[in-house]
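Just so it is clear, none of the values below were taken in a lab; they were calculated from the coordinates. These numbers come from a predicted model, not from an experiment. Note: ideal-geometry Cβ built from the backbone for every residue, glycine included; neighbour counts use all protein chains shown.
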Amino acid sequence: MNALVKLIPDRPGTTLDEALETQELKTIYQENEAYRRIFDAAKKLEGKARHVSVHACGVIITPEPAVCYTALQRAPKDENIIITQTAAKPLESLGLLKMDFLGLMNLTVIQTTLEIIERLSGRRIDITSMSVDDARTYALLQRGDTTGVFQLESAGMRRYLKQLKPTAFNDIIAMVALYRPGPMEWIAQYIKRKHGQESVRYLHEDLRTILEPTYGIGVYQEQILEIARTFAGFSLGEADILRRAIGKKIKEELASQREKFLTGSVRKGYKHDLAEQIFDDVVTPFAGYGFNKSHAAGYARIAYETAWLKAHYPTEFMAALLSSDAADTDRVMIEIEECRAMGIAVLPPDINESLRHFTAIPGQTKKDAGSIRFGLSAIKGIGDSSVLQIIEARGERKFENLEDFAGRVPTKALNKKLLESLAKSGALSSLGERGTLTKHYEMIVDYAKAAGDVSKSQGDLFGSAQIDEARITFPKTAPASVQQMLQWEKETLGMYVSSHPLAGLKKYIGKKAQLIANLTKDDAGKKITLAGIVEGVKRITTKKGETMAIVFLEDPTGKIEVTLFPRTFADAAVFLEQPDTVLVVGGVLDIRGGMLQMRVDAVKRASLTMMITKAKEAGFFDEEEAAQGIRLVRPVVENAEAVDALDEEGNVIAGETVILGSGAEEKTDDFFGPIGKWILQGMPIDKELTSLGLADSTTPIANRKSQIANHTSTLQSAASPINIYTIPLPERAPKKMLLDLKRVLEMFPGREKVQLKIGAQTIDLPLTVTTSTILEKKVEEVIAEHMVA
């Protein structure tokens, strides 16, 4: 079956009949009876409904009971839910109203924050009536301190916010609308025009009133509708039909709408040439990806509210944010680092302070930002019912000691597993030393049982007195080391909280290797050495069936992903996740997806215990750092240029990008592969195709200018043609051409495959587009710009 599946073209929307047009699949279909039977059976199933599913948030609204309009049934997984027997589009064709009611976790974060504020200060805030001109909020946005802020927290968005320096709510609306594939290319221009660094020109004065609020750039769908109404006399309904026609890229419909726009414009007294220019250069590009302003405004309002809460009530907001993301360990770690950067201490759970979820603890003074404790529910091995019983038993009075704790919490809740987890996580540290409690937690269980037995047998008159006099006396026990406590935190909370295993070792490791926080894009392509602990391993099986891995490495300053290809992974697999291990890796630094990453050539293991000992002996262990813990960063590269990442064999890895820094061009074919090296350096392609076994020596590469002239969209010969957008390229393509070409293609997302054509050979790219005359024009401009005479 796998062999058969591999022969089917990997193109969205390809039918089995279309797949059968390929020569290799046609041959095997004709010659192999078993494959033919499977293929014929699959064709009978193709297009049939595989199962009944329920829309995640769609609701049909009818003036009378829905059964009067369409057939109904019970949902397959929940008979209490009634669903229609018809999909959404046919129902809409019947004239029924379908609404999507979406839930946003950010709304929960806002509500939780407001509840925490009221609990701690008694202040009740009406977030809905808040103005949108708060200076502190805009200062936060201008700094790019937007972790947890709805829609505004990605690395790219932060960079643009720092450049834009928003001063008004309309700036937030515009950024929400512009920061998406397509209109993103206009962000830089929007920023320049806002700051007066670029003049704004209008094709006609009547465009000014429509586009002036967005500095002459069409950002919103509503602006396109207004242009059609102003210039061509369209009604809003007609203008919306125009917008949808452009978005669907149906040539016949688009041509009809274009003619209607031109005719209407001339009728209203505008010149035909001007109408053509406005339709082709303003309406068509922006209507294809313009964002609904009311939608953007709604998103911007939530963004502003989350930013306002973070600016004015940072501890309460971050506690709510952590609680909402509690199930996502990676996200929690990011948010904890953000808290520490904001001066908010994040502490292990405490039996006397923690509530069910992350708990905000107010500061003692106005300058004290306060702290956040892990909630009791975050401790592994403790059920929710036990957590609620502990909180209820505590009430308004803290547990004074272990005996008080064991006497007030219901005996049924105090099992050994619960007490072990409480002790290891540090939740009982306010009542006793963690090492002692972890080693002798059974004594607390025994005490609780004995106290319960005495109470039952002797009654309150005498029993309570005997219980009060009893004490838990632990054997003399060595206190837990910092490293041991951290390992327990990792075990019970999923991460290090009170400190970090490498805290104190920054100077020592910095003498032996590079520190992650010091790496920059200028180091891309260079050989480096790193040393750190393994925080996670993602194993990957290659096409050859070998195992490689992406390892998440932490040193005392930061975090980074390092890639271990099969040979290197085989060397490290034995000790990769052993305790007391520091991984020392050597290799080349890359940039992917805007983040620094490393490709490992060599790896070895070092003992953490031995490293601490040697650091102390050499005078390179920082006791103050070890006590306070460390703040980790994940190096982000701004303004970097991205190209597709390639595996060891030069194959493009879908969804991955490599971002180039100086020195990256020195890489060899070992990593980027022949095609990858050609893309990065602009090599003659004949030689590279020969090395790949793709060259046709009898067919010379055509004249470059004639290739551009023949630049068209080709159709596969099939019953229902699939558009494949083929781009002929010159023999030598500069890196900048490929980068510019990639940016242009990403502006027109769609379903049509893209191929590069080099002589008689074609190379499929891992992206799809929607073809149009605008796209073809932009592609030709890019190629022509970089042509070498």
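Data for the structure
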| item | result |
| --- | --- |
| Proximal lysines to residue 604, defined as alpha-carbon separation beneath 23 angstrom and excluding residues fewer than eight positions away on the same chain | 506, 507, 511, 512, 526, 527, 538, 559, 614, 616 |
| Projected label distance in nm at residue 250 and residue 527, using a 7 Å step from Cα toward the beta-carbon | 6.2 nm |
| Tensor-based shape of region 535-612 (alpha-carbon gyration tensor, a/c under 1.5 rounded, otherwise prolate or oblate) | oblate |
| Local electrostatic count, residue 581, Cβ distance below 11 Å [Lys/Arg +1, Asp/Glu -1] | 0 |
| Long-range amide H partners of residue 768 with built H, under 5 Å | 750 |
| Residues of type lysines that residue 48 reaches as a straight line, Cα spacing below 20 Å, ignoring anything fewer than 8 places off in the same chain | 89 |
| Value of relative contact order over region 125-301, rounded to a whole percent, pairs C-alpha under 8 Å and six or more apart | 23 percent |
| Cα gyration tensor category, rounded, prolate or oblate, for region 67-198 with a/c compared to 1.5 | oblate |
| Among the listed pairs 251/293; 380/424; 249/753; 757/777; 251/777; 380/439, those beyond 21 Å (Cα-Cα) | 251/293 |
| Mean Cβ count within 10 Å, highest first, over the residues of peptides 317-324, 347-354, 27-34 | 317-324, 347-354, 27-34 |
| Cleavage-rule hits (trypsin sites (Lys or Arg not before Pro)) in region 179-275: DSSP loop, at most 13 neighbouring Cβ within 10 angstrom | 201, 268, 271 |
| Residue order, fewest to most beta carbons within 10 Å, for 175, 99 | 99, 175 |
| Linear extension gain, residue 28 paired with residue 49, 0.36 nm per residue minus alpha-carbon span | 4.8 nm |
| Residue 347 long-range amide H proximity, modeled H, under 5 Å | 372, 373, 374 |
| Residue order, fewest to most surrounding Cβ atoms within 10 angstrom, among 70, 306, 359 | 70, 359, 306 |
| Within region 99-172, trypsin sites (Lys or Arg not before Pro) in DSSP loop having at most 15 other beta-carbon neighbours inside 10 Å | 123, 124 |
| Global geometry of region 192-319, whether rounded, prolate or oblate, following the gyration tensor of its Cα atoms and the 1.5 cut on a/c | prolate |
| Distance between modelled label sites at residue 398 and residue 205, nm, 7 Å Cα→Cβ extension | 7.4 nm |
| Computed magnitude of the charge dipole of region 332-382 (debye, nearest 20; Cβ of K, R +1, Cβ of D, E -1) | 80 debye |
| Loop-resident sites, region 482-535, for chymotrypsin sites (Phe, Trp or Tyr not before Pro), counting at most 10 other Cβ within 10 Å (DSSP) | none |
